[in-house]
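A short write-up of the structure that comes next.
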Amino acid sequence: MRFWIGAAVWIALAAGVAVFAKNEYVFFATYTVLMFVVLATAWNILGGYAGYVNFGTPAFFGLGAYTGAVLYKAFALPLGLQIVAAFVMSGLLGLFAGILTLRLRGIFFAIATIALVVIMETLFINWRYAGGATGLQLLRPAPLWPFQSYITMLFMVMALMVVGAVAIARYIERSWIGRGLRALRDSEDAAECSGVPTLRLKLFACAVSGGLMGAAGAPMPMYLSFIEPASTFNLNYAVGALAGAMIGGTSHWIGPVLGAVLLSSVQQVVTVTISNEINVLVVGVLLVVFVVAAPDGIIGFFRKWLSSK
Amino acid sequence: MALLEINNVSKSFGGFAALTDVSIDIAQGERFGLIGPNGSGKTTLINCVSGTLQNESGSIVFDGADVTRKAAYQRTRGGIARSFQIPRPFFSMSVLENLMVPLGYVVHLNNKNAETEAMNILERMGLADKAGAQSSSLSQVELRKLELARAMAARPRLLISDEAMAGLSGSEVDEVLKILFDLNASGITIIMIEHIMQAVMRFSQRVVCLDAGRIICEAAPAEIVKNPEVQKAYLGA
């Protein structure tokens, strides 16, 4: 109940900002932060709960973005439907990739997910209709009432998506699915011998995680009015999603939220005040600092601090 | 009819034949001992029965149904539970929560009923005071009891205990033996794999000895120790 009150307060706050804030840049920057909250939350479902480290975030994110762009170009589909379609497409990619790769463990799974990014990028570079290597220019439609500008609307869409993604992750974490995922992360054989259908659970986690990443990617072409393969399938998304979850802590749904907000906000500030190159460095430095000083992330750090008092 | 039929099971790893043509029938309610020197294939056989490994030829029939191609979790749901030789608790969970996994996935209890039953099992195993402890903080004997407790939580009809007593002291062995006798008295068929001879001999009604992946002897405990093949396998000669 407290969770839903919190979610309602968050939506109200975001709506308030959307109505009253005048500076477009606020929305432009916050959109990115919120997008990384969704990505980190989605990553954590497979990477945190099940312990399968996934570097394939750009593949799912990019497929979602291209699904949105192509459907808009072909049928002028409204944004809501683009997001649903992106969720389905990336979810299916997760399922399919999962069937091929989830029998691999540890480092081998991680390598397979990087290969997935390369495959997806190559596919879209060679697809003329979707713009090929040069990309696709898109004209934004008029924003829906009551929004003043399209960016404000996208900000609100992302604010809602954060609630959706976190609610799904939280549900999985607390349900018997989450317990099964934790069991298989600790020992896959012991989980099987305790009746946990490990392959089925991993496929489910991979599909939901991928689907949410795709949904987060769907509004991207409209956000930039442009889409092209190299930046869409950029490994920075993989690192950002992973780092957000690791810095925040992977054992609780709040971890990726805190981590992504912290990391992504710092990145936005650094991009504006210093340079776009330094912002990538920030991810690396923060990740190293946390791995050394607080290996269980922000929430692990606070748990330790609370129990030592 | 036998509860478990192992029919001509063979398993090899690359060129190494771990099991060759092993056939064993185990009756409902039996206390069955499986012995053999290190590397003789005991654990491989158990892995094939529980489904963590797939045997290449032969079949495994449990309660009249062929389970040879069934996944491990399906076999557990069908009534075969096991403990692991090297304890594999769910380290990130408490002792109680370890038991909640099979209680949720096999018995399909809701959280409240699962907790009650988990506490009952821990009580029987003498682990009740550790219910809230993180499983990574347990001692060796507690870990082995947890292995058995978690297997019990799946409400099995066949329990496979893979070296549950290795490394335990004399009184601890007695403690675990008593638990296994009690479980058997409540109708559960038990396969015991053990290196501690005195324990297997006391517990089992029938013993099979494996050597280099083959059955070399099957007899009552009193006879098997006198068998020259068994003595040769253990002592060399």
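The values are calculated or read from the model by the stated rules, or taken from the named source; none is laboratory data. As the structure is a computational prediction, the values presented were derived from the model and not from experiment. Note: ideal-geometry Cβ built from the backbone for every residue, glycine included; neighbour counts use all protein chains shown.
Points to keep in mind about this one:
- Residue within region A:214-228 that is modelled with pLDDT under 95, within 14 Å of chain B (Cβ to nearest Cβ) and outside any helix (DSSP H, G or I) present: no
- Residue ID - nearest to A:N234 (Cα to Cα), chosen from residues in region A:133-149 that are surrounded by 12 or more Cβ atoms within 10 Å (Cβ to Cβ) and free of Cβ contacts under 8 Å to residues at least 40 places away in the same chain: A:P143
- For beta carbons closer than 8 Å, sequence separation of 6+ or different chains, a first residue in region B:14-30 that is among the hydroxyl-bearing types (S, T, Y) and a second that is crowded, with 19+ Cβ neighbours inside 10 Å and part of a strand (DSSP E or B), the qualifying pairs are B:S23/B:I6; B:S23/B:V9; B:S23/B:I215.
- Criterion applied to A:V208, A:V196 was being surrounded by 22 or more Cβ atoms within 10 Å (Cβ to Cβ), at pLDDT 95 or above and not in a helix (DSSP H, G or I), and the one residue passing it is A:V196.
- Looking only at residues in region A:244-274 that are in a helix (DSSP H, G or I), farther than 21 Å from A:A167 by Cα and not hydroxyl-bearing (S, T, Y), the one that is nearest to the other protein chains (Cβ to nearest Cβ) is A:L263.
- Assessment of region B:4-13 against the conditions (in a strand (DSSP E or B), under 29 Å from B:A185 (Cβ atoms) and among the acidic types (D, E)) yields at least one matching residue.
- Matching entry among B:G29, B:G41, B:G33, B:G78 (being touching a Phe, Trp or Tyr at 6+ places or on another chain (Cβ under 7 Å) and closer than 27 Å to B:R202 by Cβ): B:G33
- Matching residues in region A:149-191 - criterion: being of a type in the set (S, T, N, Q) and under 23 Å from B:K112 (Cα atoms): A:S175
- Check on B:I196, surrounded by 16 or more Cβ atoms within 10 Å (Cβ to Cβ) and farther than 20 Å from B:D25 by Cα: yes
- Restricted to helices (runs of 4 or more DSSP H) entirely inside region B:173-237, those with at least 1 residues that are closer than 30 Å to B:R155 by Cβ are B:197-203, B:221-224.
- All positions within region B:56-113 that are part of a loop (DSSP other than H, G, I, E, B), surrounded by 18 or more Cβ atoms within 10 Å (Cβ to Cβ) and within 10 Å of another protein chain (Cβ to nearest Cβ): B:S83, B:F84, B:P87, B:R88, B:P89, B:F90, B:M93, B:V106
- Filtered residue count, region A:136-192, keeping only those that are assigned to a helix (DSSP H, G or I) and within 14 Å of chain B (Cβ to nearest Cβ): 18
- Residue in region B:149-168 that is surrounded by fewer than 23 Cβ atoms within 10 Å (Cβ to Cβ), of a type in the set (D, E), in contact (Cβ under 8 Å) with a residue 40 or more places away in the chain and part of a helix (DSSP H, G or I) present: no
- Taking the conditions (1) surrounded by 19 or more Cβ atoms within 10 Å (Cβ to Cβ); (2) within 26 Å of A:V84 (Cβ to Cβ); (3) in contact with a Pro (Cβ under 7 Å, 6 or more places away or on another chain); (4) not hydrophobic (A, V, I, L, M, F, W, C) in turn, A:T232 satisfies each one other than (3).
- Scan of region A:157-183 for residues that are more than 20 Å from A:P256 (Cα to Cα) and modelled with pLDDT under 95, ordered by number: A:W176
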